[in-house]
Amino acid sequence: MHIKPSQDPIKPAEPGWAPEASPTFWVNHASRLIMRAFEQELRPLGLGMAYLPVVIALEDKGPLTQKTLAAISRIEQPTMAALLARMERDGIITRAPSAKDRRSADIALTEAGRQALPEARARMGLVVDRALAGLGGDDTGRLMALLQLIVANLDEGQHRADNDAAGRPEGWPAG
């Protein structure tokens, strides 16, 4: 799909500024549309995109602590605590005192959470198919490789920025 200038929903703030001319504009726009479609498909199942890293980790590994789930999901502890509270309220997870550490809880999927996963995967697969319609296998592979390169470029830049902000030398592991 090519947007003609007369159809452009974004009016330039200054002459010559055209964000839609940047690939990152289209990456962001596509991501937003894909996420919206995923959310629409998952909502009737009592799930949301934010839940998926937790649900998948618990399905794969069994009960885990909040700290472990935060590390796997790559989000901060307070954010994970709020997410788990919503998931518990929605009947997707349960918490039980940890047998290994009294200070923490083991988080597990409920039967309802486990049963929602096959339908969630099927619905998300339909969204992916719709998003990639018209792309051949070679195009899809190339798109994935390019997006992975963008992610790697930004992850490396973030790692450097985190080290700089913490006063750590180049190459120092993030802490």
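The values are calculated or read from the model by the stated rules, or taken from the named source; none is laboratory data. Computed from a predicted structure; not experimentally measured. For neighbour counting, all protein chains shown are included, and Cβ atoms are generated from backbone atoms with ideal geometry for every residue, glycine included. Only protein heavy atoms, including side chains, enter the accessible area calculation; ligands, DNA and RNA are left aside. Shrake-Rupley method; radii C 1.70, N 1.55, O 1.52, S 1.80 Å.
Among the residues of segment 52-74, count how many are farther than 21 Å from Pro97 by Cα and either in contact with a strand residue (DSSP E or B) (Cβ under 9 Å, 6 or more places away or on another chain) or charged (D, E, K, R) (or both).
Count: 1.
Output the qualifying pairs, or none if there are none: Cβ atoms under 9 angstrom, residues six or more apart or on different chains, first residue in segment 31-44 and at positive phi and open to solvent by 80 Å² or more (accessible area, probe 1.4 Å), second residue assigned to a helix (DSSP H, G or I) and not aliphatic (A, V, I, L, M).
Sorted first by the residue in segment 31-44, then by its partner, the list stays empty.
Determine which member of the set Asp139, Asp129 is outside any loop (DSSP other than H, G, I, E, B) and surrounded by fewer than 10 Cβ atoms within 10 Å (Cβ to Cβ).
Asp129 is the lone residue from the list that is outside any loop (DSSP other than H, G, I, E, B) and surrounded by fewer than 10 Cβ atoms within 10 Å (Cβ to Cβ).
Are there any pairs with C-beta distances below 8 angstrom linking a residue in segment 98-126 that is surrounded by fewer than 11 Cβ atoms within 10 Å (Cβ to Cβ) to a residue that is among the hydrophobic types (A, V, I, L, M, F, W, C) and at pLDDT 95 or above, with the two at least 6 apart or on different chains, and if so which?
none
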